[in-house]
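All remarks here apply to the structure that follows.
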Amino acid sequence: MVRNCCLELVHNWPCDQSSLFILCPFNSFNIIFLCVLFIPTVRQPPMIFKESPQDYIVDPVDPIIVECEATGNPPPVFTWTRNGVYLNVARDPQVSMRWRSGTLEIFFWGRPDDYEGVYQCTATNEFGSALSSYINLRVSKARTWLKEYLEPVSVVVGLPLILPCNPPVGPPKPDTYWLNSTMAPIRQDRRVSKAENGDLYFSSIVADDALTNYVCVARFPFTNTIQQKPPLILQVLTGLSHTAPKFLKPKGTASTAIAMLGEELILECFAAGVPTPFIKWTKDWEEMSMTGKKLENFNKTLRVKNVSMDDGGDYICTASNRMGSLDHVITVRVKSVPFWVEKPESLVLSRDDGGSIVCSADGIPRPQIQWLVNGEPISALLSRLVSGDTLTFRAVVPDSAAVFQCNASNQYGYIMANAFLAVMDMKPRLLGPRDELIKTTEGNHTHLDCPYFGSPKPDLQGSRHRILPNGTLEIRNTKLQDQGSYVCVASNVIGRDEKEVQLEVKEPIKIVRAPHNTVVIRGSLARFDCKIKFDSTLDVAVTWLKDKKFLILGRRMTKDEDSLSIADVYRRDEGVYTCRVKSELEEVTASAKLTVMDRPDPPSDLEISDPSERSVRLTWVPGLSNHSPIKEYLVQYTEDLLADYWLLPSGWKNLSSYPGSLNSVILQLTPFVEYRFRVIAVNGIGPSKPSWPSEYYQTGGAVPDAIPKNIQGMGSGVFRNNMEISWEPLEYREWNGPKLGYMVWWRRRDSREEWKNYTTYWWCSYIIYDTDTFTPYEIKVQAVNFFGYGPESPVVIGYSGEDRPVAAPSDLGVSDIESSTLTVHWEPVSRLWLVSQVYYWRESSRLPWHTVSRRIKTKSFKANGPRLSGTLTGLVPYSNYRMYIVVANNRFEGPPSNTIEFQTPEGVPSIPRSFRIMHRHYDTIYLDWEEPAEPNGILTGYILKYQTLNVTLGDRIQVEYIPPNITYFSLRRFDRYTRYKFSLAAQTEVGVGEAFTEESPHFTTEEYTRDQVDIVTQGWFIGLMCAVALLVLIMLIVFFIKRSRGGKYPALKNLTDHKPLNGSHIGRRTNSDDSLMEYGEGEEIEFNEDGSFIGEYTGVSKRNMDRSPYHDSSEPTSPVAIYSFA
């Protein structure tokens, strides 16, 4: 008996028939190598290994090839039968057989149909005959439709219709299509669709179905020939409106179908009804799993791709519309052609040995088993026993060799297989290389292969490990101590053979740190680890794969010793990354998935449905979420407002947002607007790109909804006897239709007059003439358009033209006077509709030396109540004010009232001006400032607060009270690095004013100190003063010289010629005035003989001293006195 690790005869190898090909696993990777053993003495019965399919359709254009290939030694002889009759190939010039092959080649010189039939091939040699399956040869045909004239079909609207196609019979079955006469496809939808047999089903007829004709076209796949049926015309008649569902195919409420195991099952369900019914499928009255199934043709076709036993049962097709629903139950029974459970295998025995060939098949229904020997019915012999699906042999002899056929058949088909019995004697022979070196890794299952051949079956001698029946030595969980030399010995009664195998055990490759699944955001960095440990005596290569393809590294994708980095991740980088570590012995992989989160893809296929005047349904197909759930959809729109003679386009605007679980929403719209929509998906990463815009959709017109706003009525122009009614126009989106206008209504208030109206277009105002002066009217306005009248506005009171007021308010007075606020009150005039306008200004300050601005200010008060009053704010304290009041309307002011005067009391002063911090010496800080711009009263002094910046617990705020006539201060520092924070405020009797706060700068360098030294210490200033003193000295010397010579003072005459100052001089004098009346209490000044008045000009007059509130005796002498002295 012959045994091998796989012992498979390869029959399709184009070599000498005496060659035996054996497939053997030769290493631990289970990689199959083809080893060739030439055994010229082995005799073999024929075996067919290649034949044409049982149902064989051929193209008549090409030669027909009917295949039949077989092996055997000696080479077999081939014969053919057609329709059970011997086919004499030699006598037919159009048929030939290939050399050393049974394949037929049929060339067409006549009618190809003459060679159709059922063919069977027989391969025979001295050991038996092998048979092929029956081959049903058919020639492809592209038949044409019979010439016929199709009468027009008349059908009523709402009724169903079936247009039969009835394509020509093949073979093969043609593909069918429905076109119109211009060869454009007929659009199919839920209402109109095509069945598998080519018929066109209308669930209901509509009037538009008559706008085209219908042509059924058949295409034959082998020849690509297209055949066309004559066109058919529909005549549609007026008819029904709504009908309940009714099944067109299959008929009734129940039917059955046969499904063949492993093949495709197609169930169809066509229903009529208005509106078009919706089709839904369930199985056994429960929700149907769609695994292995697919709904097509708008749910009318259920396709089961590969039928299994679980696909049997009841399939329920439910058709429903608003008029009702209907069910049809299709009972599916699964059947099967026979299939092999255990296919018969050839048997090689030695003399006087025994064995069996098993032929086990199954099917639905269960097939019958029939045995043949060399193509003839089998009979029982002493050495051969037939028992159902098993053929048993005992004490075989060389004459027992034959080819046996097993045929399993039922009503749906048959299968047949050949198996031979060969009888031979041969001493053992070990196949494969000698002195083989096998390397493996620790912990692996190692197989030391020892394929053998011999008859009778050789015995194998091995070691302590398990020996498999095919001669392989199996070492489970290989260890280092398993390394060494192994010898395989095969022997039988005829002889023996042996060979030696060396085994080396290496340390296995281990991935210490494997890559992990990673989720990153687009544009970020992704990193996969792959740290390994391996045997140093082996060469190891680490490569990276993406989706089982080698990864090309570059600028973004870089690999180092232990990891792979992907910079600036794109969405196309998403996939499964595999780290592959390979040596000559093994290959270890570790994979991880990279998931890239990104903004979602934009929605697509925007569809508009369910239109109405103010709403529409928008449906879209969601785009990919890119691994971040879609949170919401933002619907945007652009609108073209349909004004009277033009379109007013707009940009994209947000309409509304909706949850991410929706893909169909109702949009609330404005009438008479042309819209386009687009949708943006938003997830946690951000918004998607906008979808492609939808088609244009125009809403219908409607009456205006909006009410004109800001309705007013008042006099217009310079006339007093009219009233202009005005309002704000409606926006274009509020028109709701063309030809927008406004209907204006008016009548006198508190009168019994009828409402008057006028409709205006284009204008947003209307003037009423011949009215009384300032007469109240009731006014209302409503918008109108082509579709009708909008809602009326609420009634508004307007007044006709106004005249100039003739009365003035009386009893103007003030009360509750505070430093900056007071209350003004007055008696109103008789007309309460007037506005009171108060005019007031600051006449002077109560400080005689302080100048003020007399700018007039106003404030308006509404006229309501028997006695009117109001509050004035923003007054300046300690000032003299004047005020008067007038009444006014929208056009004129009346005469002024009497003017009153009032004074404001003292307040707190404003902030001091020109605050400076100087450093004239290393250890002293100098401060100076000017008095506030607005003292707001009599200053009582200044409050200076200071504190070191690096304050400690022991440092407190120092407070200095400075008299009002002192505007400087000096402070001695502890060291040159100490800094201070100063706060200076002025005060009056009322309180302390706003403070000025500043920090001292860093006085740390001599250069800065020199920059801050006072001007009197500068050299250039000292030199200038010396030059001035020298010049004065020279002038004095000249003066005394001239005096000693008896000269007169030259200015005497000029001084005596001046007219004395009188009361007509302006009383307000500045500090720089140089009038001689300031001296000597206003009396005449007597001059000395030489004209000088030295004694009288050296001091300040008493009047000037009394006038200055802060007199300082250290005031320097006037320069005029120095000149007079000179």
Check: How much solvent-accessible surface does I48 expose, in Å² to the nearest 10, with a 1.4 Å probe and all protein chains in place?
Finding: 30 Å²
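Can you tell me the FRET efficiency between V89 and R434 if r is taken as the Cβ-Cβ distance and R0 is 45 Å, rounded to the nearest 0.05? Write down the numbers at each step before the final one.
Details: r = 48 Å, r/R0 = 1.07.
It comes to 0.40.
Under unit Cβ charges (Lys, Arg +1; Asp, Glu -1), what dipole magnitude, rounded to 20 debye, does segment 408-560 have relative to its Cα centre? All intermediate terms of the calculation are to be shown ahead of the outcome.
On the way: 24 positive and 18 negative charges, 218 e Å.
My answer is approximately 1040 debye.
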Check: Hey, can you rank 742-751, 809-818 by average C-beta count inside 10 Å, highest first?
Finding: 742-751, 809-818
Margin query: Run the paramagnetic zone check for K173: 7 angstrom along Cα to Cβ, then residues of segment 258-293 with backbone nitrogen under 14 Å.
Written below: 258-260, 263-268
Check: Against the longest alpha carbon principal axis of the chain, how many degrees, from 0 to 90 and to the nearest 10, is the axis of helix 1019-1044 turned?
Finding: 20 degrees
Notebook entry, point to check: What are the residues whose amide H is under 5 Å from the amide H of V334, where those residues sit 5 or more places off or on another chain and H is modelled from the backbone?
Noted result: A259
Check: Using 1/(1 + (r/R0)^6) with R0 = 45 angstrom and r between the beta carbons of K479 and E342, what's the FRET efficiency to the nearest 0.05?
Finding: 0.70
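Is the C-alpha gyration tensor of the chain telling us rounded, prolate or oblate? Criteria: a/c under 1.5 is rounded; beyond that, a/b larger than b/c is prolate, otherwise oblate.
On the way: a/c = 4.91, a/b = 2.07, b/c = 2.38.
It comes out oblate by the Cα gyration axes.
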Check: Going by average Cβ neighbours within 10 Å, how do the peptides 960-972, 57-69 rank, with the highest at the top?
Finding: 57-69, 960-972
Checklist line | Contour excess over end-to-end distance, with Cα ends at T858 and W692 and 0.36 nm allotted per residue | finding: 53.7 nm
Note to self: Can you give me the long-range amide H partners of L624? Hydrogens built in the peptide plane at 1.01 Å from N, cutoff under 5 Å, separation of 5 or more residues or another chain.
What the structure shows: D601
Checklist line | Vicinal HN-Hα couplings computed from phi for segment 256-267 (Karplus, 6.51 cos²θ - 1.76 cosθ + 1.60; Hz; Gly/Pro x) | finding: 10, 8, 9, 10, 8, 4, x, 9, 9, 10, 10, 10
Note to self: Once each part is reduced to its C-alpha centroid, what is the distance from segment 587-621 to segment 896-945 in angstrom?
What the structure shows: 72 Å
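At 1.4 Å probe size, put I316, I943 in order of accessible surface, largest to smallest.
On the way: I316 0, I943 20 Å².
Correct descending sequence by accessible area is I943, I316.
Just in segment 385-484: which trypsin sites (Lys or Arg not before Pro) are loop by DSSP and have at most 14 other Cβ atoms within 10 Å?
Details: sites: R394, R429, R434, K439, R464, R466, R476, K479; in loops: R394, R434, R464, R476, K479.
Passing both the DSSP loop test and the Cβ count: R434, R464, R476, K479.
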Notebook entry, point to check: Say each of F49 and T589 gets a label point 7 Å from the Cα, pointing the same way as Cα to Cβ; how far apart are those two points in nm?
Noted result: 3.1 nm
Next item on the list: At 1.4 Å probe size, with every protein chain present, just tell me what the per residue accessible area of the chain comes to in Å².
Entry: 56 Å²
Item checked: Sorted peptide list for 419-426, 511-518, criterion being average Cβ within 10 angstrom, highest first -> 419-426, 511-518
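I'd like the projected area of segment 254-299, averaged over all directions, using the convex hull of its alpha carbons. Report it in nm² with one decimal. List each step's numbers first, then the result.
Working: hull surface 17.3 nm².
Spelled out: convex hull of the Cα atoms, projected over all directions, averaged, 4.3 nm².
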Checklist line | In nm, spacing of pseudo-spin labels at Q235 and I378 (7 Å Cα→C-beta vector) | finding: 7.2 nm
Note to self: Taking a ≥ b ≥ c as the square roots of the Cα gyration tensor eigenvalues, with a/c under 1.5 meaning rounded and otherwise prolate when a/b beats b/c, else oblate, which class fits segment 873-942?
What the structure shows: prolate
Next item on the list: Would you please give the FRET efficiency between T331 and T537, computed as 1/(1 + (r/R0)^6) with r the Cβ-Cβ distance and R0 = 60 Å, to the nearest 0.05?
Entry: 0.30
Note to self: Using Cα-Cα distances under 8 Å and only pairs 6 or more residues apart, what relative contact order does the chain have, in percent?
What the structure shows: 5 percent
Notebook entry, point to check: In sequence order, what are the phi-derived ³J(HN,Hα) couplings for segment 568-574 according to the Karplus relation 6.51 cos²θ - 1.76 cosθ + 1.60 with θ = phi - 60°, rounded to whole Hz, with x for glycine and proline?
Noted result: 6, 4, 9, 5, 6, 6, 5
Check: Given 0.36 nm per residue, what is the gain on full extension from A1029 to E507 after removing their alpha carbon distance, in nm?
Finding: 176.7 nm
Check: From the phi of every residue in segment 581-596, what ³J(HN,Hα) in whole Hz does the Karplus formula 6.51 cos²θ - 1.76 cosθ + 1.60 yield, where θ is phi - 60° and glycine or proline is x?
Finding: 10, 10, 10, 6, 9, 8, 9, 10, 10, 9, 10, 8, 9, 9, 10, 9
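How much length would be gained if the chain were fully extended between N299 and S844, taking 0.36 nm per residue of separation minus their Cα-Cα distance, in nm to one decimal? Before the final figure, lay out the partial values.
Numbers: separation 545, 0.36 × 545 = 196.20 nm, distance 9.66 nm.
Contour length minus Cα-Cα distance gives 186.5 nm.
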Item checked: Helix-derived mean residue ellipticity, 222 nm - over the chain, DSSP H n ≥ 4, -39500 (n - 2.57), to 500 -> -1500 deg cm²/dmol
Next item on the list: Hey, can you grab everything whose amide H is under 5 Å from the amide H of L159? Only 5+ residues off in sequence or another chain; H modelled, so Pro and N-termini drop out.
Entry: I205, L240
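The values are calculated or read from the model by the stated rules, or taken from the named source; none is laboratory data. Being a predicted model, the structure only gives us computed values, none of them experimental. Please note: Cβ atoms are built from the backbone with ideal geometry, for glycine as well, and neighbour counts cover all protein chains shown. Just the protein is used for accessible areas: all its heavy atoms, side chains included, with ligands, DNA and RNA removed. Shrake-Rupley method; radii C 1.70, N 1.55, O 1.52, S 1.80 Å.
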